Amino acid sequence: MKRNSKQHSTYKPASKDFDYSQSPFYWLMQLSNRYTQQMEKRLKKVGLNITGWRVGMILHIHGSLSVTEITTHAGARMPTITKLVYKMRDQGLVTIRPSEGDGRVSIVAITEEGTAIIESAIKDTSKLYDTAYEGLTISEVKNVNKALRTIMTNISND
């Protein structure tokens, strides 16, 4: 069910009622920037950047994935992930092998050393997550996630 567009006029830049500070996109960018700054400080201790953290966490959860699947989950461009994965391989954090089903596809797997780095990073970053969710109920976090998924779907279908 579509909602009345008048309700959302303060969120639309073309509206005379537009107020950027009321836009979810404004707050998403503010949050993303602050999160990245705080995470980069913590991740530096274990030799990772934010993209390396994403790739490491994705592989920590899944074990191994194709570069394309990692790219999708990490929300980054294929050249960025490809370059990073090879750098991580050179550091001993991941292995890369051709897919058994399709030799053109590269499968990336986290190593024991990669797992140790990610687990150390999880420890170093856990306080940030605790602080970030402070004052929010599980239900509120689920509602934020639901709203963001809806916005993402709406934009993807545009």
**Asked** Which one is least open to solvent (accessible area, probe 1.4 Å) among residues in segment 124-158 that are closer than 18 Å to Phe25 by Cα and part of a loop (DSSP other than H, G, I, E, B)?
**Response** Asn157
**Prompt:** On the given criteria, is Leu59 part of a helix (DSSP H, G or I), touching a Phe, Trp or Tyr at 6+ places or on another chain (Cβ under 8 Å) and open to solvent by less than 70 Å² (accessible area, probe 1.4 Å)?
**Reply:** no
**Prompt:** Does Gly75 count as under 15 Å from the mean Cα position of the chain (by Cα) and surrounded by 15 or more Cβ atoms within 10 Å (Cβ to Cβ)?
**Reply:** no
**Prompt:** Among all residue pairs at least 6 apart or on different chains, which show Cβ distances below 9 Å where the first residue, located in segment 113-139, is within 14 Å of Met57 (Cα to Cα) and among the acidic types (Asp, Glu) and the second is open to solvent by 70 Å² or more (accessible area, probe 1.4 Å) and assigned to a helix (DSSP H, G or I)?
**Reply:** Asp124/Lys45
**Prompt:** For segment 98-112, what are the residues that are over 22 Å from the mean Cα position of the chain (by Cα) and surrounded by 11 or more Cβ atoms within 10 Å (Cβ to Cβ)?
**Reply:** Pro98, Ser99, Val105
**Message:** Every residue in segment 32-85 that is under 19 Å from Glu112 (Cα atoms), in contact (Cβ under 8 Å) with a residue 60 or more places away in the chain and among the basic types (Lys, Arg), please.
**Reply:** Lys45
**Prompt:** Could you say whether any residue in segment 104-113 is in a helix (DSSP H, G or I) and at pLDDT 95 or above?
**Reply:** yes
**Asked** If you scan segment 18-47, which residues turn out to be part of a loop (DSSP other than H, G, I, E, B) and open to solvent by 60 Å² or more (accessible area, probe 1.4 Å)?
**Response** Phe18
**Request:** Return only the number of the condition from (1) assigned to a helix (DSSP H, G or I); (2) out of contact with any strand residue (DSSP E or B) (no Cβ under 9 Å at 6 or more places or on another chain); (3) more than 21 Å from Val144 (Cβ to Cβ) that Gly92 does not satisfy.
**Result:** (1)
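The values are calculated or read from the model by the stated rules, or taken from the named source; none is laboratory data. Remember, predicted model here, so these are calculated numbers, not experimental data. We place every Cβ from the backbone using ideal geometry, glycine too, and count neighbours over all the protein chains shown. Heads up: the accessible areas ignore ligands, DNA and RNA and are worked out on the full protein's heavy atoms, side chains in. Shrake-Rupley method; radii C 1.70, N 1.55, O 1.52, S 1.80 Å.
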